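Here the structure comes first, spelled out in structure tokens, and everything after it is commentary.
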Amino acid sequence: MQSPAFRVVRALLLLLIGIFFLFPIVWVLLMSFMTNVDILRSPPSPFFVPTLRNYVALISGHLSTSSGEVQIDYMHNLLNSVILSTCSVIVSLILGVPAAYAFARFKFRGGEDMAFTLLSFRFAPPLLVLLPLLGYFQAIGLYDTYFGLIWVYQLITLPLVLWITRGYFEDVSEDLELAYRLDGHSWLSTFFRISIPLARPGIAAAGLLSFIFAWNNFIFALILGSSSVQPVTVGALAFITASGIEYGQIAAALVLSVIPTLILAIFTQRYLVEGLSLGAIKG
Amino acid sequence: MSTLILDDVSKIYGKDTRRSVDGVSMSIKDGEIIALLGSSGCGKTSTLRMIAGFEDVTSGTIRIGDKVVNDLKPSERDVAMAFEGYALYPPLRVRENIAFSLLKNRTPRAEIDKRVGAVSDMLEIGPLLDKYPPSLSGGQQQRVSLARAMVRNASAFLLDEPMSQLEPQLRALLRARIKDHMTAHRMTTVIVTHDQTEAIALSDRVAVMDKGLLQQFGTPDDLRERPANLFVASFIGEPPMNIFPGARTENGVVVLNERGEAAFGIAGATGGLSAHDGLHVGIRPHRIHVGGGVPGAETVQGEVLSSHWLGDHSHIGLSVGGCFLIAVGDRDATPPAGSVVPVSIPRDAVHLFDSASGAAIQHGL
Amino acid sequence: MSFLSIDRLSKSYRKNEVIRDLSFAVDRGEFLVVFGPSGAGKTVLLRLIAGMVRPDRGRVLLGGSDITDDNPEQRDIAMAFQNFALYPHMSAFDNIGSPLRAAKVGEAERRRRVEEAAKLLRIDHVLGHLPRALSNGQKQRTALARSLVSEPSLLLLDDPLRNVDAKVRYEMRLELPRLLRARDTTVVYVTQDYKEAMALGDRIAVLADGGFQQIDTPERVYNAPASARIARLFGDPPINLLPAVRSGAGLRVASSEIALDGAAPDRAECTMGVRPEDVIVSLEQASGAIPVEIDAVTPLNDRQVMLLRADDGTEIFASQPQGTHVVPGGLPSGRERPRAWARLDVSRSHFFETASGARV
């Protein structure tokens, strides 16, 4: 039995830890409604007159600083982020899901090594390959294109999709596939009607994670693209202007940039928690 | 080597409102072998774990000998346990695994070797003594785990599904040897199992559990001949009891088929019955005699649907008035499928149950 | 002309030959049970027939044509699995209808046939449920309905009654043969329960050590086992295998002389196989009986199973039918063991070669 004192202490500790980790998020949210003056006040005060100025500036693209009006096309960055992340995930799923199935189902010579090699792309720091990549991206005309960036993003998203969905495919009973084929269905139809639906929670998880990883990527886009294709992570740099750092707008930009991933996470949650086997196979 | 008494023992897990074990009382005599029998989730393992001390007792008391053990640690209770998951120490050889508790008690070396040798001969693991557990098959590990428990001198022995992984040929032999060993050494033993044949083969008394409640605690004969309720009746026996809805008539009972029509009647005294509306009739397959001519029995005509010869006995599937009846015959009884035969149902093999509560009303007409 | 024939089939996994030069044939409408201890290769054999696994050598012929290289969906074979293998995201109706959908059967006809199969197996009231909402018995019936609905020429059943409770198991054991016989389906049924094998099989193929040790009717397998190893696989408790030495006109078994009437093996020594039900135990001394003590009584259903120990330590199982309790009320607690005499029914005994275990 737990004594009341123990429970009070435990609740207090949990609260403290919660505040410690949640405070930065709350603070950024508050900052996005503050003027730079409020933000830089010392000591900081939670009492201020909230303003939508930062958001308006972001959405309109007109930023007025002490040294004059600056044009920042932040909404274009946001659109870039959406295009880059969505396309990367789609490409990864199209390539990665069938590959993951093959790795899970067929034990072929070198299969394990191949799967591991693909995963090992995640181990190396991106900078290792970035400079040579920059060189030949410029040479073959992929520099500063969506196509080029989406291609490079596969380094991030493909291993994730492969390794996560592979585990889920391994959990789909081979008997189910055999049963479906004996019913008279081709292997292709078995793949689409049995294997894919049963691995759906895994595919959803892999898709969501790769989306987030792609969304948060900074270094690839910084080096391999100009402002025309750069996503929000790079775009936020623009607020560090010659006349000072626009903390309020950076905060608002961050808040805006989190919204799409948040919506996606909520939307896919249903698939993530959906049980895998749904009780068909006696466990 | 001690008595073991459970008095109104209950277990509630966490914030659960349901009682996983609900007011179980039983008194196990010194040297008695009992089985806790039930399907998964019936509370048998929780009960065992409370006796062992791995779970708190929510209410009630557990006594080993004269001592209330509710608040004692598992190590202070002087019980030996064989775990369902074996729980062997992987870095130790089989021999050291078995001798572990004896070594801890500073038993003399010669005594340890003698006892380990005896128990490993009994369980046919002599050749495995110098191997390491991970290199053994599931059945072998299970026997080592059993040996580790049985080699000890403890007040009570707790065996959780001790023979589930053994191959059938070995199982029959080990059951008999273990029972011999346990009775010879007067070991107070609690066996948890979901297999009714195992419970009946090994134990002096069987506690049948369902939904946390003790349904019946009695000798194998009690469970077979006087099942306390429909649950016990349908759980015990292979094949289990034939159970049909029925109704009372002027001079006995009538058995109803799936469509609710009268299939056949059994004449007899149904004195204690008048108050009950819904009725279920149970007939043990082992007592039904195919071929008729049994004195004191109701004889009806049945069509043989199937006839399965199993070597030393046979299972006969019968249709009597649209009711599907299984009978167990001896090894010569294999009437051809499709034939119509007289079927004798001894009156004392008929059991009546209350449909609503499931409780037994009457054993034998 | 046999319907399914397997011709010298072999399959290895990583140098471990699971199936070696296996050949057998099943007639149309026959119910063949493949029985063997776990790990004997039964599941691999079914997968070879179903086409999920390709053999290293050998051929599979169905209805006279070679299907060794056909894909599973091209073979007219249905299968029911031990774990049911129901499609978890489809209703019972869609599960059962799956083979008909593959065969492009029209919707109305499909509905009619699914409902007919479901009615036959008494699951017509749960057709709309997803598998997770079904009891194990209903799952098994759904799986069976799925395998029957397209009226396949060959039905493979992989231990289908292993995961259902006792009541359903008995019902199905009795129902299944009638259901299949009515449709003249050819069945290969895999089990590791010898009683199921004896109850269901027209013939039993005993699979052990990668090959068939005996293919015969249940009666022959039980009463004339080809080897001591097969004899041990059938019967609970298992057959007593006792070393026997020729001694004059009789045999010396467990340090006792027993008389031989009739057929005697013409060997100096052999292994005598006596089934527990052919050991008659009495508390009174009898000539030609082995003096024993009763070590344990382990009732099996209504039979009294006794472990006897002869004076030289030989253990002998005896199993008496219902109603005959040699030791009423079981053995008392303590070291005292009752004295008894065991007579072996020589006329029903089997004799095997000591070294090879082959039947003499």
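Across the options A:Pro159, C:Ile204, C:Ser356, the greatest Cα extent toward the positive end of the charge dipole of the protein assembly as shown (unit charges at beta carbon of Lys, Arg, Asp, Glu) belongs to A:Pro159.
Rolling a 1.4 Å probe over the protein chains gives A:Ser226 an accessible area of about 40 Å².
Using a Gaussian network model of chain C whose springs link C-alpha atoms within less than 10 Å, name the residue from C:Pro328, C:Pro131, C:Pro265 with the highest mean-square fluctuation. Per the Cα network of chain C with a 10 Å cutoff, C:Pro328 tops the list.
Rounded to the nearest 100 Å², what's the accessible area chains A and C bury against each other, both chains counted, probe 1.4 Å? Present the calculation step by step, with values, prior to reporting the outcome.
Numbers: alone 16580 and 17440 Å², together 31590 Å².
It comes to approximately 2400 Å² buried between A and C.
Positive contributions from Lys and Arg (+1) and negative ones from Asp and Glu (-1), summed over other residues with Cβ under 12 Å from the Cβ of B:Gln362, come out at +1. For chain C, a Gaussian network of Cα nodes joined below 10 Å ranks C:Leu157, C:Leu32, C:Leu127 by mean-square fluctuation, and the top entry is C:Leu127.
Share of carbon and sulfur in the accessible area of chain B stands at 49%, probe radius 1.4 Å. Each Cα pair under 8 Å and six or more residues apart adds its sequence gap; the mean of these over the residue count of chain C is a relative contact order of 15 percent. Computed from the Cβ-Cβ distance with R0 of 35 Å, the FRET efficiency linking A:Glu174 to A:Ser60 stands at 0.05. Distances between placed amide hydrogens fall under 5 Å for B:Gly329 paired with B:Ser314, B:His315, B:Ile316, all partners being 5 or more residues away or on another chain. Working from label points 7 Å from Cα in the Cα-to-Cβ sense, the B:Thr17 to B:Arg347 distance is 4.9 nm. Label-to-label distance for C:Glu109 and C:Asp312 is 7.2 nm, based on points extended 7 Å past Cα in the beta-carbon direction.
What the Cβ-Cβ distance of A:Leu22 and A:Phe121 gives, at R0 = 45 Å and to the nearest 0.05, is a FRET efficiency of 0.85.
Inter-chain neighbour count for B:177-185: the average number of beta-carbon atoms from partner chains within 10 Å of each residue's beta-carbon is 6. Please list, in order, the residues from the stretch A:48-79 whose amide nitrogen is less than 11 Å from a point placed 7 Å along the Cα→Cβ vector of A:Val37. In the stretch A:48-79, the label zone of A:Val37 (backbone N under 11 Å from the point 7 Å along Cα→Cβ) covers A:49. With each label modelled as a point 7 angstrom along the Cα→C-beta vector, the C:Leu179-C:Lys167 pair spans 1.8 nm. Buried accessible surface for the C/B chain pair comes to about 3800 Å², total over both chains, computed with a 1.4 Å probe.
Around A:Leu182, under 13 Å between beta carbons, what's the net of Lys plus Arg minus Asp minus Glu among the other residues? Kindly include the intermediate steps, with their values, before the conclusion.
On the way: positive: A:Arg181, C:Arg47, C:Arg75, C:Arg146; negative: A:Glu174, A:Asp175, A:Glu177, A:Asp183, C:Asp70, C:Glu73, C:Asp76, C:Asp158.
So the surrounding residues net to -4.
With protein chains left intact and a 1.4 Å probe, residues in chain B average 40 Å² of accessible area per residue.
Shown for the stretch C:188-210: residues covered by the partner protein chains by 40 Å² or more of accessible area relative to the chain by itself (probe radius 1.4 Å), namely C:Lys195, C:Met198, C:Ala199.
Between A:Leu15, A:Leu130, A:Leu262, the residue with the greatest mean-square fluctuation in the GNM of chain A (Cα pairs under 10 Å linked by springs) is A:Leu15. Taking a point 7 Å out from the Cα of B:Lys211 in the direction of its Cβ, the residues of the stretch B:1-29 whose backbone N falls within less than 18 Å of it are B:10-13, B:16-25.
Which of the residue pairs B:Lys29/C:Lys167; C:Lys42/C:Lys195; C:Lys119/C:Lys139; A:Lys107/C:Lys11; C:Lys11/C:Lys42 have a Cα-Cα distance greater than 22 Å in the structure shown? Each step should come with its number before you reach the end.
Numbers: B:Lys29/C:Lys167 33 Å; C:Lys42/C:Lys195 17 Å; C:Lys119/C:Lys139 14 Å; A:Lys107/C:Lys11 16 Å; C:Lys11/C:Lys42 12 Å.
Beyond 22 Å between Cα atoms: B:Lys29/C:Lys167.
When a 1.4 Å probe is rolled over the protein heavy atoms, the share of accessible surface on the stretch A:74-273 that falls to carbon and sulfur comes to 73 percent.
Suppose R0 equals 60 Å. What FRET efficiency, 1/(1 + (r/R0)^6) with r the Cβ-Cβ distance, do A:Phe192 and C:Arg339 give to the nearest 0.05? Display every interim value, and only then the final one.
Numbers: r = 73 Å, r/R0 = 1.21.
Taking R0 as 60 Å, the efficiency between A:Phe192 and C:Arg339 is 0.25.
Listed by chain and number, the aspartates and glutamates placed with their C-alpha closer than 18 angstrom to that of B:Lys131 are B:Glu96, B:Asp113, B:Asp121; residues fewer than eight positions away on the same chain are left out. Solvent exposure of the stretch C:233-352, expressed per residue, is 41 Å² of accessible area, with all protein chains present and a 1.4 angstrom probe.
The values are calculated or read from the model by the stated rules, or taken from the named source; none is laboratory data. Not measured: the values here are computed from a predicted model. Note that we place each Cβ from the backbone using ideal geometry, even for glycine, and neighbour counts take in every protein chain shown. Remember, those area values only see protein heavy atoms, side chains included, never the ligands or the DNA or RNA. Shrake-Rupley method; radii C 1.70, N 1.55, O 1.52, S 1.80 Å.
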